[in-house]
1. Residues that are among the hydroxyl-bearing types (Ser, Thr, Tyr): find the helices (runs of 4 or more DSSP H) completely inside segment 169-267 holding 2 or more of those.
2. Determine which member of the set Asp75, Asp58, Asp37 is under 30 Å from Leu205 (Cβ atoms), part of a helix (DSSP H, G or I) and without any contact (Cβ under 8 Å) to a residue 12 or more places away in the chain.
3. Taking segment 301-324 on its own, how many of its residues are part of a loop (DSSP other than H, G, I, E, B) and in contact with a Leu (Cβ under 6 Å, 6 or more places away or on another chain)?
4. Report the residue count in segment 167-211 for those that are aliphatic (A, V, I, L, M), open to solvent by less than 60 Å² (accessible area, probe 1.4 Å) and under 15 Å from Ala316 (Cβ atoms).
5. Scanning for something surrounded by fewer than 19 Cβ atoms within 10 Å (Cβ to Cβ) and touching a Phe, Trp or Tyr at 6+ places or on another chain (Cβ under 9 Å), does segment 306-313 turn up at least one residue?
6. Output yes when any residue across segment 325-339 is farther than 16 Å from Ala144 by Cβ and either open to solvent by 80 Å² or more (accessible area, probe 1.4 Å) or not in a helix (DSSP H, G or I) (or both), and no when none is.
7. Taking only segment 247-274 into account, find how many residues are modelled with pLDDT of 80 or more and open to solvent by 70 Å² or more (accessible area, probe 1.4 Å).
8. Can you find a residue that is open to solvent by 70 Å² or more (accessible area, probe 1.4 Å), assigned to a helix (DSSP H, G or I) and without any contact (Cβ under 8 Å) to a residue 60 or more places away in the chain anywhere in segment 152-161?
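The values are calculated or read from the model by the stated rules, or taken from the named source; none is laboratory data. Everything numeric here is computed off the predicted structure, so don't read it as measured data. All Cβ positions, glycine included, derive from the backbone under ideal geometry; neighbour counts span all protein chains shown. The accessibility values were calculated without ligands, DNA or RNA, using every heavy atom of the protein model including side chains. Shrake-Rupley method; radii C 1.70, N 1.55, O 1.52, S 1.80 Å.
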Amino acid sequence: MRRSSHIILAASAALVMTVLGSFSAFASDVEYDSLRDLLKAGNSTVESLNKSIKNLEDQISILETSRFNIDSLKDSASASGDTGTASQYDNASSSLYRTIGSLKKSIASQTAAGSGYESTLDSLEKSAQTMMISYKTMEYNTQAAQKSYDAATAKYNTVLNRYTAGLASEADVTKASNDMLRAQNMYLTYSQQTDSMRYRLLQLLGITDDGTVTIGEVPAPDVNAISSIDPQANLNTYVGYDNDVISSRHLSNTAYYKEAALTEADGNATAEFWDMYNQLQADLTDYNAAASAFTAAQKQYDTAQHKYTAGMLTAADLAGADASYASALSSFKSSELNLKQAYEDYMWALKGLSSDPQR
């Protein structure tokens, strides 16, 4: 029976490792709402923290299998009328049950909200969110820069053709060439920055970029939630997490000094909170303005497409319209992502995780 138990355990462990390995190997999509799960699956820091928890889980698995086998033996002994042996098995099963319960409580305490494990995950998730937002911002900038480069190239070719036909000067060609080169340099710069941020994000998540990994869109910010924030209700929560405020409350100095230190720390934390809240509202105002500007840009782009279809615009003109639209889209998405970041920072701060390195 003991040998059979070991075989079952070995097979179960192999199956678990196969499943975990498969999950890591086939992680090919990065979605904003799954960043925490991806960190749990691949981040090296989390993996290190998980070792003690996994050891406990392995012990629980072994003990549960042993308890199952003992219960089976107890049932057999009871069925055969051997009450003494059945009682011994029952005591052993109860002892294992208590041990398993203790181990489960240990895991629960290590993974509970506010534990070091969860705090580390929170910090890593916040970093991953910031990186993904930055990546998507750069990606839109790169797309807009590519459109500008395409438009500058089309314009250069047009000017060059006009120069060949004697309808443009050498200075016109030089200017068009310089504009094209500047656009190319900007596109290459944005492209390099985007690739760099992509690498950093996937590295944080523990994902090897083999070219098949796709990074999804960042969900739009919840404008209604941002607009309905009650800052006064959040103020005490934010101040309560401030390190200086916490330290001041535990000072062993005279009552006067302690009160003065606490008043100063409370005032500084309150000022920080209002700065953060006011910046969030300013970002919301910028977002609304960018949304209106983008709506107007969409209408202009639609008009340009209709004109091109009607033969009223050249291919170079349409390329210019494409570039203008891509630039408007990039500005809008940058504003949207900036608001998303500000809101995420605000919500994390209410959980005690501030952008301020001193907090």
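1. Values: elements: 170-205, 223-227, 231-240, 243-249.
Qualifying helices (runs of 4 or more DSSP H): 170-205, 231-240, 243-249.
2. On the way: Asp75 fails: under 30 Å from Leu205 (Cβ atoms); Asp58 fails: without any contact (Cβ under 8 Å) to a residue 12 or more places away in the chain.
Sole residue among the options that is under 30 Å from Leu205 (Cβ atoms), part of a helix (DSSP H, G or I) and without any contact (Cβ under 8 Å) to a residue 12 or more places away in the chain: Asp37.
3. The initial filter retains those residues of segment 301-324 that are part of a loop (DSSP other than H, G, I, E, B), namely 310-314.
With the extra rule that they be in contact with a Leu (Cβ under 6 Å, 6 or more places away or on another chain), the set shrinks to none.
Residues flagged as part of a loop (DSSP other than H, G, I, E, B) and in contact with a Leu (Cβ under 6 Å, 6 or more places away or on another chain) within segment 301-324 amount to 0.
4. If we filter segment 167-211 for residues that are aliphatic (A, V, I, L, M), which is where we start, we get 167-168, 171, 173, 176, 180-181, 183, 186, 188, 197, 201-202, 204-205, 207.
Those left that are additionally open to solvent by less than 60 Å² (accessible area, probe 1.4 Å): 168, 173, 176, 180, 183, 197, 201-202, 204-205, 207.
From what is left, the residues that are under 15 Å from Ala316 (Cβ atoms) are 168, 173, 176, 180, 183.
Selection size over segment 167-211: 5.
5. Restricting attention to segment 306-313, the residues satisfying the condition of being surrounded by fewer than 19 Cβ atoms within 10 Å (Cβ to Cβ) are 306-313.
From what's left, touching a Phe, Trp or Tyr at 6+ places or on another chain (Cβ under 9 Å): none.
For segment 306-313, residues surrounded by fewer than 19 Cβ atoms within 10 Å (Cβ to Cβ) and touching a Phe, Trp or Tyr at 6+ places or on another chain (Cβ under 9 Å): absent.
6. Within segment 325-339, the subset farther than 16 Å from Ala144 by Cβ is 339.
Cutting the leftovers down to either open to solvent by 80 Å² or more (accessible area, probe 1.4 Å) or not in a helix (DSSP H, G or I) (or both) gives us none.
Taking every residue of segment 325-339 in turn, none turns out to be farther than 16 Å from Ala144 by Cβ and either open to solvent by 80 Å² or more (accessible area, probe 1.4 Å) or not in a helix (DSSP H, G or I) (or both).
7. Of the residues in segment 247-274, 4 are modelled with pLDDT of 80 or more and open to solvent by 70 Å² or more (accessible area, probe 1.4 Å).
8. yes
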